[in-house]
Amino acid sequence: PPPNALAQSFGQYYSRQYPLPPVAQRYDGIAFRTATKQLGYHPYPTPCAINTVEGFQGRHACVNCGFCNGWGCPNGAKSSTLTTVLRSAVATGRCQVRSECYAFQVKLDATGRAKSVLYVDRNFAVQEQPARLIILACSAVDTPRLALLSACSTHPNGLGNNQSGMVGENLTTHATPSVVVQITDGVHSWDTYRGAWNTISIDDFQNLSSFGDLPGSVVFPRGGVVSAVGPSPGYPLGSGGPISLAVGIMKPPGLYAGGGNTFSPTGAWGAGLMQAMASGYGGAAYVLGVCEELPQANNRVDLDPSVRDVYGFPVARITYTSHPNDLAISEYVANRLVAVGDAMLASIGAAGSSAAAPTQSMDEAPRYFVHQHGTMRMGSSPATSVVNRYGQFWDIPNLFVADGSLFPTAGGYNPTHTIEALAHWVASYIAANGASVMAQTE
């Protein structure tokens with residue numbers, strides 16, 4: 001990739017080149033790049049798990065259809081696990097995927113080691129799968145839920161809860177300060193229906209300690225990455241892809257149109273639908289921050305005492321309250337990004353306006369959780385964490401975690417690449433130490 005000027009200022013450099021060129025820039029991404037450079041920031045192509053070279057790993061290159069976020073990829077360019085890891089693993093003959101199954105308990109033997117997983121198969125029959133080593137990778141919500149569902153006589157409060165009592169605690173998500181950049185001249189268009197969801201970013205809002213106008217309500221000056229984003233089925237009317245826009249206008253009965261936004265139902269069909277789409281489509285671009293939210297023990301996942309799922313087990317109950325610092329950071333960053341939006345409009349000579357989305361706490365306006373982390377915190381002491389630095393349960397040596405629940409803090413980036421790195425980290429430890437791990441006892 002091209003040098004990252006901000007990283008270089010901190011003495012940080014890429015250890016090696018990415019294997020593929022960056023994805024193509026959308027029109028709003030080009031304007032974002034121009035605008036942020038003019039404002040003294042340091043834009044760079046966002047690393048995307050999207051194939052940009054025809055034939056790489058036997059797959060097609062991206063054709064910029066715009067359906068990346070929220071939809072399936074029609075030609076396999078998007079590097080989901082279905083087209084990469086799982087396909088390669090199954091091809092070895094040593095991986096079996098059991099789909100439509102529901103794991104509900106990890107069982108232990110008399111020595112305190114994990115011995116098997118109970119699950120319901122696709123025919124609703126209960127099966128038991130013995131294993132020498134078990135890895136939980138069910139997400140920051142369902143991994144702690146499975147650990148809690150697996151409570152037994154030696155772990156009455158759930159697996160991993162005997163020492164720290166922290167299973168399910170410190171759930172984090174991300175604050176998402178944002179600005180809608182609206183063209184109003186009826187001539188220009190952001191052309192947001194094509195291209196990858198996120199093509200260009202800046203890291204200048206990661207560390208806010210040098211910003212001289214921070215409000216006094218900010219006690220931890222960490223922000224996050226800022227990008228020009230879209231199309232997406234979850235973003236405001238006019239800045240998403242064509243399907244999300246059409247669904248947002250039509251509001252078909254029983255279908256909620258994406259991502260926590262409340263669209264005004266117009267009920268437009270036929271010619272009315274076409275006119276509504278033509279009048280608003282492509283006029284809005286979206287500048288989004290992904291900012292770190294502080295971990296709090298009371299933000300947690302536990303078992304609901306009364307609600308059961310279709311299999312009869314307690315569902316996950318999520319308790320979440322926004323920290324005052326999260327709200328202060330979100331409002332501050334959103335207001336600063338208005339200048340970016342205005343500069344984007346100026347860079348293409350378009351008339352319009354930029355407006356920061358209102359900052360609301362989770363208590364005031366519960367929002368959708370896109371990024372979830374924490375809940376099975378990794379650490380250096382069993383008194384303050386659920387697992388060790390390798391994702392290994394402190395008191396169940398052959399039981400591991402390898403997902404976003406390991407995060408001690410949220411960080412200011414989309415978590416996917418970090419989750420992938422942690423999975424490699426945990427797997428590398430197991431590969432190097434598996435024999436000794438499976439010989440350990442509690």
Worksheet, complete the sentence: The condition of being within 30 Å of SER436 (Cα to Cα), in the same structural domain as VAL387 (by TED's automatic domain parsing), in contact with an Asp or Glu (Cβ under 6 Å, 6 or more places away or on another chain) and surrounded by 15 or more Cβ atoms within 10 Å (Cβ to Cβ) holds, among ALA151, ALA137, ALA114, only for ALA137
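Considering only helices (runs of 4 or more DSSP H) fully contained in the range 1-106, which possess at least 1 residues that are closer than 30 Å to PHE393 by Cβ and modelled with pLDDT under 95?
Details: elements: 5-9, 27-38, 85-91.
Of the helices (runs of 4 or more DSSP H) lying wholly inside the range 1-106, those with at least 1 residues that are closer than 30 Å to PHE393 by Cβ and modelled with pLDDT under 95 span 85-91.
Restricting to the range 333-367, name every residue that is in a helix (DSSP H, G or I), surrounded by 19 or more Cβ atoms within 10 Å (Cβ to Cβ) and either over 22 Å from the mean Cα position of the chain (by Cα) or of a type in the set (Val, Ile, Thr) (or both). Give the steps one after another, and end with the answer.
Step one: list which residues in the range 333-367 are in a helix (DSSP H, G or I), which gives 333-348.
Of the ones still in play, those that are also surrounded by 19 or more Cβ atoms within 10 Å (Cβ to Cβ) are 333-334, 336-337, 340-341, 343-345.
Passing the criteria: VAL333, ARG336, VAL340, GLY341, ALA343, MET344, LEU345.
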Worksheet item: In the range 115-136, is there at least one residue being without any contact (Cβ under 8 Å) to a residue 60 or more places away in the chain, in a strand (DSSP E or B) and of a type in the set (Val, Ile, Thr)?
Response: yes
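Of everything in the range 290-323 that's in a strand (DSSP E or B) and modelled with pLDDT under 95, which residue is farthest from VAL370 (Cα to Cα)?
Here the residue is THR319.
Go over the candidates GLN12, GLN25, GLN57 one by one and state the one that is loosely packed, with under 12 Cβ neighbours inside 10 Å and polar (S, T, N, Q). Explain how you work it out, then say what you get.
Details: GLN25 fails: loosely packed, with under 12 Cβ neighbours inside 10 Å; GLN57 fails: loosely packed, with under 12 Cβ neighbours inside 10 Å.
Result: GLN12 is the single residue among GLN12, GLN25, GLN57 that is loosely packed, with under 12 Cβ neighbours inside 10 Å and polar (S, T, N, Q).
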Discussion item. Going residue by residue through the range 379-400, is there one that turns out to be closer than 27 Å to SER227 by Cα and of a type outside the set (Lys, Arg)?
Written reply: no
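Looking only at the range 218-232, how many residues end up being at pLDDT below 90 and hydroxyl-bearing (Ser, Thr, Tyr)?
1
Identify, from the list LEU399, LEU406, the residue that is assigned by TED's automatic domain parsing to the domain that holds ALA137, crowded, with 23+ Cβ neighbours inside 10 Å and free of Cβ contacts under 8 Å to residues at least 40 places away in the same chain. So that I can check it myself, show each step before the final result.
Working: LEU399 fails: free of Cβ contacts under 8 Å to residues at least 40 places away in the same chain.
Result: LEU406 is the single residue among LEU399, LEU406 that is assigned by TED's automatic domain parsing to the domain that holds ALA137, crowded, with 23+ Cβ neighbours inside 10 Å and free of Cβ contacts under 8 Å to residues at least 40 places away in the same chain.
The values are calculated or read from the model by the stated rules, or taken from the named source; none is laboratory data. Quick caveat, the model's predicted, so the values are computed rather than measured. Heads up, the Cβs are rebuilt from the backbone with ideal geometry, glycines too, and the neighbour counts pull from every protein chain shown.
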